[in-house]
Structures are given as structure tokens and as C-alpha cells.
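J.: This is the structure I have questions about; it appears just below.
All of the numbers you see were taken from the coordinates with simple rules; none came from a lab. Note that the structure is a prediction, hence the values are computed from the model and not measured. Quick reminder, even Gly has a Cβ in these numbers, built from the backbone with ideal geometry, and neighbours come from all protein chains shown.
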Amino acid sequence: MPTSGIGKNNSGFTLIELLLVLILIGVSSSYIMLNTDLIGSFKSSGDTAEDYFERMTNESILRGRTLHWFLSNEEERIYLDDFFTEASMLHSDELNFLKIIPSNSEVTIKTGNGTQYRINQDLTPIPMISFYPSGETSGAIIAVNHPNGTYKVLVRTNGEVDRVEE
């Protein structure tokens, strides 16, 4: 049976080895958190407009980046940060706000600066809502008019989302 020599101490890992392991764990876990799949979160969550905007707020916080949401009645786009280029756009057929609202609905949005848009064939010229990493938003009121009634989704500037039936 091997034994350690006199004066040798084989009691475990050194402080440097433990620090290296902790640093590796920290770096790998932050990499995983920062690269969460935005589209996966849309697919796996609930199917209400309120849930959609709450997920957008949470995704902006997780990424630590601003998300800008543009809308037409045929497509929606989400851009990262303030660069509205093809490279900063999140591509997916899974963005589902348009699938949440009933077909043959008319959508109007009153943005945080007071401008009102009726959503039609053209993509809106400015972001309808911006979601900031602090959990705040630019705010908006989304009104959905459909044959069975009308409801509004209030996206407040503090990130809270409410639905109002009319």
C-alpha cells in the first residue's frame, strides 16, 4: 500500500485549481444564458397576447439587449438594438403574435409617443414597441377588433402587460 512520505500533505485540490473550475463554470453558464433561443421561448410559452409581450420583455432582460418590434398584417420583425438591418433581425416563422389574434381582425396600435397606426400590408415605419434590458418598454396600446368583440392589450412603460375587454 503506497503511503505519502513524511512531510507531504495530499489533502486535495489547491486554491488555484478550485478557482479555475469556478471560473470555467461561470463562463460556461453565462454563455448558455446569453445564447438562449428567443424563438424557442415563443414556441414553448402560452398563447395569449399578454404572454407574448411578457416573453418579449423577459427576453430583452435575459439578452441584455434592446428588442424592437415591427408589425404588418402579414409579418412581424424583431430587431436587436438600434440597427434595423438584415444582420440584426431575428429570423423565424415561429414569431406568433399574428397567430394569437383571431383571423379577420383589425389591429390598431397607439405607440408610447401617441402616434396611432392601423396595421395593414406595410410594415410599420417605426418600432411599435421597444423592449429594454432594464425591463421597461416604450409602451403601447394594442387594440384588436374582431367579429366577436374588441380587446386591448396595454403594454406599460414599466413592463407590465394588461388586457382590457370591451
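J.: What is the calculated FRET efficiency for residue 72 to residue 160, with r their C-beta to C-beta distance and R₀ = 22 Å, to the nearest 0.05?
T.: For R0 = 22 Å, the calculated efficiency reads 0.25.
J.: Please compute the Kirkwood hydrodynamic radius of the stretch 109-166 from all pairs of different C-alpha atoms, in Å with one decimal.
T.: 12.1 Å is the Kirkwood radius here.
J.: How much FRET efficiency would the formula 1/(1 + (r/R0)^6) give for residue 18 and residue 62, where r is the Cβ-Cβ distance and R0 is 41 Å, rounded to 0.05?
T.: Result of the calculation: an efficiency of 0.90.
J.: Give the dimensionless ratio obtained when the Cα radius of gyration of the stretch 66-132 is divided by 2.2 N^0.38 Å.
T.: With N residues counted in the stretch 66-132, Rg over 2.2 N^0.38 Å equals 1.09.
J.: Which one of 73, 157, 120 is farthest out on the positive end of the charge dipole of the stretch 37-165, using unit charges on Cβ (Lys, Arg +1; Asp, Glu -1) and the Cα centre as origin?
T.: Final value for the positive-end residue is 157.
J.: Now, a different point. Mind checking the alpha-carbon convex hull of the stretch 37-165 and giving the volume per residue in Å³?
T.: 101
J.: Hey, another quick one. Amide H of residue 139: which non-local residues (sequence gap of 5 or more, or other chain) have their own amide H closer than 5 Å, using H built in the peptide plane?
T.: 130
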